[in-house]
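The values are calculated or read from the model by the stated rules, or taken from the named source; none is laboratory data. Given the structure is predicted, the values throughout are model-derived calculations rather than measurements. As a convention, Cβ positions derive from the backbone with ideal geometry for all residues, glycine included, and neighbour counts pool all protein chains shown.
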Amino acid sequence: MTSVCSGLLVAVSTSETKGVRKTNVEKARLLVDFGLEGDAHGGDWHRQVSLLASESIAKMQQAGLDVGPGDFAENLTTTGLDLCGLPIGARLRVGTKAEIEITQIGKVCHERCAIFYQAGDCVMPREGIFAKVLTGGDITVGDAVEVTFLPPDEGDEV
């Protein structure tokens with residue numbers, strides 16, 4: 001379990017097509033059972049919203065890449081929250097109303113992205129997380145991102 005239970009939303013990014021870097025927008029709307037309004041990755045599946053920490057992006061910047069929020073095709077970029085340390089089933093409130101549930105940590109990249117070819121590595125397959133939207137709402141850069149629920153550890157008694 002992570003010791004940090006809140007952070008900030010530093011970027012909101014969307015794209016109308018899959019397979020491209022996302023464009024940063026100041027605000028957006030999370031829609032229940034879909035994801036970000038107008039985003040190509042939205043839909044009725046378990047990876048409606050993707051998240052990546054700015055701390056993960058900083059690792060790629062230290063490797064010499066000119067990258068920033070949205071360049072890894074993530075929808076939400078956070079800071080101050082250990083996204084990789086969150087278990088599947090954890091819930092996050094984004095802003096004052098929206099709530100998402102972590103459904104997947106990392107992903108298999110079947111085709112190497114441009115970032116991988118430039119640096120020989122990419123953090124998204126290891127450190128990106130995915131979620132579904134439980135409660136919709138408007139979100140804006142600067143909003144709090146707070147852990148609202150953590151499932152019990154498998155070894156814990158209920």
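What number goes with the only condition from (1) in a loop (DSSP other than H, G, I, E, B); (2) in contact (Cβ under 8 Å) with a residue 60 or more places away in the chain; (3) closer than 16 Å to Ile129 by Cα that Ala11 does not pass?
The one condition Ala11 does not meet is (1).
Take Gly68 and tell me if it is over 16 Å from Phe130 (Cα atoms) and crowded, with 16+ Cβ neighbours inside 10 Å.
Judged against the criteria, Gly68 is a match.
How about region 1-39: which of its residues are closer than 20 Å to Gly136 by Cβ, modelled with pLDDT under 95 and among the hydroxyl-bearing types (Ser, Thr, Tyr)?
Ser15
Which one is modelled with the highest pLDDT among residues in region 98-137 that are of a type in the set (Lys, Arg) and closer than 17 Å to Ser50 by Cα?
Restricting to residues being of a type in the set (Lys, Arg) and closer than 17 Å to Ser50 by Cα, the top hit is Lys132.
Under 7 Å by Cβ, and 6 or more places apart or on different chains, what pairs join a residue from region 29-51 that is under 15 Å from Ala73 (Cβ atoms) and surrounded by fewer than 24 Cβ atoms within 10 Å (Cβ to Cβ) with one that is among the aromatic types (Phe, Trp, Tyr) and at pLDDT below 95?
Arg47/Phe130
Would you mind stating whether Arg47 is basic (Lys, Arg) and closer than 18 Å to Glu146 by Cβ?
no
Looking at region 1-28, which of its residues are surrounded by fewer than 16 Cβ atoms within 10 Å (Cβ to Cβ), hydroxyl-bearing (Ser, Thr, Tyr) and more than 19 Å from Val147 (Cβ to Cβ)?
Thr17, Thr23
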